[in-house]
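The values are calculated or read from the model by the stated rules, or taken from the named source; none is laboratory data. Predicted model only: the values in this text are computed from it and were never measured. Ideal geometry is used to build each Cβ from the backbone, glycine not excepted, and the neighbour counts take in all protein chains shown. Surface accessibility is based on the protein's heavy atoms, side chains included, excluding ligands, DNA and RNA. Shrake-Rupley method; radii C 1.70, N 1.55, O 1.52, S 1.80 Å.
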Amino acid sequence: MKKSISLLLVLFLIFGFLAGCGQSTDNSSSAGTNKNEQTDSGKDDTSAAKTKIAFWYYWDGKNQQEYVTELTQKFNESQNEVEMVSQYVPFADYKKQLSIGLAASNLPDVAVIDNPDHASYAAMGLFADINDRLRDWADKEQYFPGPMKSATYDGKTYGIPMTSNCLALFYNEEMLTKAGATPPETWDELREAAAKLTGNGTTGFAFSAVKGEEGVFGFIPFLLSTGATVDSPGSPEAVKSFDFLLGLVEDGSMSKEVINWTQADVLKQFMAGKVAMMLNGPWQIPLLEQDAPDLKWNVAKIPKDKDFTSVLGGENIGIVNGNNVDSAVKFLKYMGSAEVVRETAVKLGMFPPRKDVAADKIWTDDPVMKVFMDEMQYAQPRGPHPKWPEISNTLSTSLQEVLTGVKAPQAAAKDAQASVDKIKE
Amino acid sequence: MKRFNKLLSEDVIGYCFALPALLFMLFFVGYPILSNLALSFMDVNVMTFSNKVREFVGLVNYIELLKEPILSISFFNTLLFAAACIVFQFILGFALALLFNQKFPLAKPMRGFLIISWMIPITITALIFKFMFSLDGIINEALKFLHIISVPIEWLIHPVTAMLSIMIANIWIGIPFNMILLSTGLSTIPNDIYESANIDGAGSVQKFLFITLPMLKPAINSVLVLGFIYTCKVFDLVYVMTQGGPVNATEMLSTYSYRLSFNEFSFSRGAAVANIMFIFLFIIGLGYLKLIKEDEVM
């Protein structure tokens, strides 16, 4: 008798387990639908006939997310064919989620994408080719060529740029005046000024050289300024850029610790007065004003070796291959309209990729913004190449090898060239 | 009816109890392992991902990986990291377990407090250690204050000290795990044995060597093997503290596999690295099972 009871218990356990299993999968798959329902309630009956599409983005911060919600709401009210639902995915997890989603066919219809990754995902078949669908879209002509190029792969258009940014040189005005230095324009001036500004626990210059894409982002302006390209990290020009950065470390004007500093870390050092000049982006300005209101700072173009250069950052939006491409294009065109581009750039602390919007007073009258807008002309996109992440890892490794002294610039450059050649084969 | 009852012998009941866990394992452990194995024999990367047919390439991914110096570097790093962490975690954990096994006021609450380092999310521990190990972090400041060093140590910048730093952080995290398991083991040793040893005139060293250690053998075995496997799987700590850098000094098999799969989109190669790690840990797991069996026979 006892045994039959225990058998019964076992059966319960098994069924309980199976039922629990079924339920949990149900829950996870309906997480998205629940959201849809929430937005549905309170809408009129026509919403039932609307095509529902999902939009993934990774802009974090409360204001940014409220802005995206507001944006999708406006879009949903502006027409009655498409119902857009936005979903935030943290940046640290974003690429992983897209890759997993791609393998499991669990994807949004529209996705924000960091522009150096656009070509990779296009090559993997994530994004739809919308060349033909954008042919009669007049607004397309308004986009700057650099950002637009980052959304193309193999001559086809896989999306549009949404926001742009680039790096510039931030400097602590008080420190420069005290040290009798002027904002440097060339590498020699930068080295000299950085040496003057170093001392008493302050280093003259810093940029994020952390392992990974963020560090490469900061290194590219130096690399390109010599006339080298990301395809030729072994050229004498590229060696020169490694030499220069190593020189700053050897002078003591740049802390070796930059290899562990993210851009946010560099900003903290700058705000604490431990770094006198830094490379950083416009998205740090709101933080700088909020957390260090007394700090007197200004921006200048990144000092040059041969040419002024900067690196293009920012996000594109792409349409995911699937059944809802046509509906998604409607949302894409809405996101690309002059008003939305303008509003988004302001709200996210970025720059507009459209010429007509960039001519707005917001960017031409403000002295700080003007420098960044100037810098945008020289900003080069990374790639676009589907294997950019591998190229980027190579550059990151050689930069770290040089700054830590593991390899001499010449040797690091030679090895980097060999890796890049192999990747590009 | 009697026959039916007989069929329901203890074996059957036993299997029934194991069935839910078995199904769970098959579905959530077995399937991923097999599909990962299959992936590693195909060629799936950024350029071939959208192809309808996955090309079977046999061992090419493994051979290509063996040519990469990073694989052997990360394998060696993982091994070194796990071995060093286990030795120190075990010794310190054992010492603390013995200490808190003594009866003194506040022994129990203090042991409870020590668990905290095991409870804190690893990301947070990693961030705290990253701050502490920075050039002007508290560790360098303290060493300078004590006049042990005059120039700050480049903890996370120099390849050797970067490895040392993540080891120290991981040892700190792992001590309570060792301590608790060994404490539990200690509490199962009956007091009478020690009492009779006292009567026989055994000293404390003798009691430790000939009573405590042999009686603790099963607990020690499981602590060492489980600890080793957990340590080999380290990911978040390294990812937050050094990202596998400087250069590749702290690259582990786990971080390398992640980087290949989710950063470079070389999914097949990432899978191959994961499988290499799996085979390695599997062998260690088999060794553990054998140890347990021997103990049971005894």
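If you go through segment A:367-376 and keep only what is open to solvent by less than 40 Å² (accessible area, probe 1.4 Å) and either out of contact with any helix residue (DSSP H, G or I) (no Cβ under 6 Å at 6 or more places or on another chain) or modelled with pLDDT of 90 or more (or both), you end up with A:368, A:371, A:372, A:375, A:376. Could you tell me whether any residue of segment B:60-67 is within 14 Å of chain A (Cβ to nearest Cβ) and of a type in the set (Ser, Thr, Tyr)? Scanning segment B:60-67 turns up no residue that is within 14 Å of chain A (Cβ to nearest Cβ) and of a type in the set (Ser, Thr, Tyr). Could you please let me know if residue B:235 is open to solvent by 70 Å² or more (accessible area, probe 1.4 Å) and at pLDDT 90 or above? No, not satisfied. Note on segment B:146-161: among residues that are more than 9 Å from every other protein chain (Cβ to nearest Cβ) and in contact with a Phe, Trp or Tyr (Cβ under 9 Å, 6 or more places away or on another chain), the one that is surrounded by the fewest Cβ atoms within 10 Å (Cβ to Cβ) is B:161. Taken over segment A:100-119, residues that are free of Cβ contacts under 8 Å to residues at least 12 places away in the same chain and assigned to a helix (DSSP H, G or I) amount to 4. The single condition from (1) open to solvent by less than 60 Å² (accessible area, probe 1.4 Å); (2) under 27 Å from residue B:268 (Cα atoms) that residue B:85 fails is (2).
Considering (1) assigned to a loop (DSSP other than H, G, I, E, B); (2) in contact with a strand residue (DSSP E or B) (Cβ under 6 Å, 6 or more places away or on another chain), the lone condition that residue A:80 does not fulfil carries the number (2).
Annotation note: Cβ proximity below 6 Å between a residue of segment B:123-150 that is within 14 Å of residue B:162 (Cα to Cα) and a residue that is acidic (Asp, Glu) (sequence gap 6+ or interchain) occurs for B:135/A:257.
Answer yes if at least one residue in segment B:181-192 is under 30 Å from residue B:245 (Cα atoms) and buried (at least 20 other Cβ atoms within 10 Å of the Cβ), and no otherwise. Within segment B:181-192, not a single residue is under 30 Å from residue B:245 (Cα atoms) and buried (at least 20 other Cβ atoms within 10 Å of the Cβ). In segment A:377-389, the residues that are surrounded by fewer than 22 Cβ atoms within 10 Å (Cβ to Cβ) reach residues that are in a loop (DSSP other than H, G, I, E, B) and at pLDDT 85 or above with C-beta atoms within less than 7 angstrom, at least six apart or across chains, in these pairs: A:378/A:308; A:378/A:309; A:380/A:309. Residues that are out of contact with any helix residue (DSSP H, G or I) (no Cβ under 8 Å at 6 or more places or on another chain) and farther than 21 Å from residue A:398 by Cα occur in segment B:266-280; there is at least one. Note on segment A:95-129: among residues that are hydroxyl-bearing (Ser, Thr, Tyr) and within 21 Å of residue A:147 (Cα to Cα), the one that is farthest from the other protein chains (Cβ to nearest Cβ) is A:121. Evaluate segment A:222-239: report whether one residue or more is buried (at least 24 other Cβ atoms within 10 Å of the Cβ), under 28 Å from residue B:165 (Cβ atoms) and either within 27 Å of the chain's Cα centre (by Cα) or away from chain B (no Cβ under 13 Å) (or both). Checking segment A:222-239: not a single residue is buried (at least 24 other Cβ atoms within 10 Å of the Cβ), under 28 Å from residue B:165 (Cβ atoms) and either within 27 Å of the chain's Cα centre (by Cα) or away from chain B (no Cβ under 13 Å) (or both). Once segment B:19-56 is narrowed to residues that are outside any helix (DSSP H, G or I), of a type in the set (S, T, N, Q) and free of Cβ contacts under 8 Å to residues at least 24 places away in the same chain, the residue that is nearest to the other protein chains (Cβ to nearest Cβ) is B:50. If you filter segment B:242-252 down to residues that are within 17 Å of residue A:257 (Cβ to Cβ) and surrounded by fewer than 24 Cβ atoms within 10 Å (Cβ to Cβ), you find that the one that is modelled with the highest pLDDT is B:249. Candidates in segment B:260-277 are the residues that are touching a residue at least 40 places away in the same chain (Cβ under 8 Å) and of a type in the set (Gly, Ala, Ser); of these, the one that is nearest to the other protein chains (Cβ to nearest Cβ) is B:266. Counted as qualifying within segment A:355-419 are the helices (runs of 4 or more DSSP H) with 3 or more residues that are within 21 Å of residue A:309 (Cα to Cα) and more than 12 Å from chain B (Cβ to nearest Cβ), namely A:367-378. The sole residue among B:50, B:72 that is open to solvent by 40 Å² or more (accessible area, probe 1.4 Å), hydroxyl-bearing (Ser, Thr, Tyr) and closer than 30 Å to residue B:178 by Cα is B:72.
Where helices (runs of 4 or more DSSP H) fall entirely within segment B:130-199, those with at least 1 residues that are over 25 Å from the mean Cα position of the chain (by Cα) are at B:138-145, B:191-199. Taking first residues from segment B:237-256 that are more than 9 Å from every other protein chain (Cβ to nearest Cβ) and among the small types (Gly, Ala, Ser) and partners that are surrounded by fewer than 24 Cβ atoms within 10 Å (Cβ to Cβ) and assigned to a loop (DSSP other than H, G, I, E, B), the Cβ contacts under 6 Å between residues at least 6 apart in sequence or on separate chains come to B:254/B:235.
Of all residues in segment A:241-256 being touching a residue at least 60 places away in the same chain (Cβ under 8 Å) and more than 20 Å from residue A:393 (Cα to Cα), which is surrounded by the fewest Cβ atoms within 10 Å (Cβ to Cβ)? Restricting to residues being touching a residue at least 60 places away in the same chain (Cβ under 8 Å) and more than 20 Å from residue A:393 (Cα to Cα), the top hit is A:251. Checked against (1) assigned to a helix (DSSP H, G or I); (2) free of Cβ contacts under 8 Å to residues at least 24 places away in the same chain, residue B:202 passes all but a single condition, namely (1).
Can residue A:275 be described as over 23 Å from the mean Cα position of the chain (by Cα) and surrounded by 17 or more Cβ atoms within 10 Å (Cβ to Cβ)?
When the stated conditions are applied, residue A:275 passes them.
For segment A:120-128, the condition of being over 20 Å from residue A:336 (Cα atoms), in contact (Cβ under 8 Å) with a residue 12 or more places away in the chain and polar (S, T, N, Q) holds for at least one residue.
In segment A:315-364, how many are small (Gly, Ala, Ser) and either open to solvent by 60 Å² or more (accessible area, probe 1.4 Å) or within 15 Å of residue A:138 (Cα to Cα) (or both)?
At the first step, the residues of segment A:315-364 found to be small (Gly, Ala, Ser) are A:318, A:322, A:327-328, A:336-338, A:345, A:349, A:358-359.
Now drop any that are not either open to solvent by 60 Å² or more (accessible area, probe 1.4 Å) or within 15 Å of residue A:138 (Cα to Cα) (or both), which leaves A:336-338, A:359.
Qualifying residue count for the region: 4.
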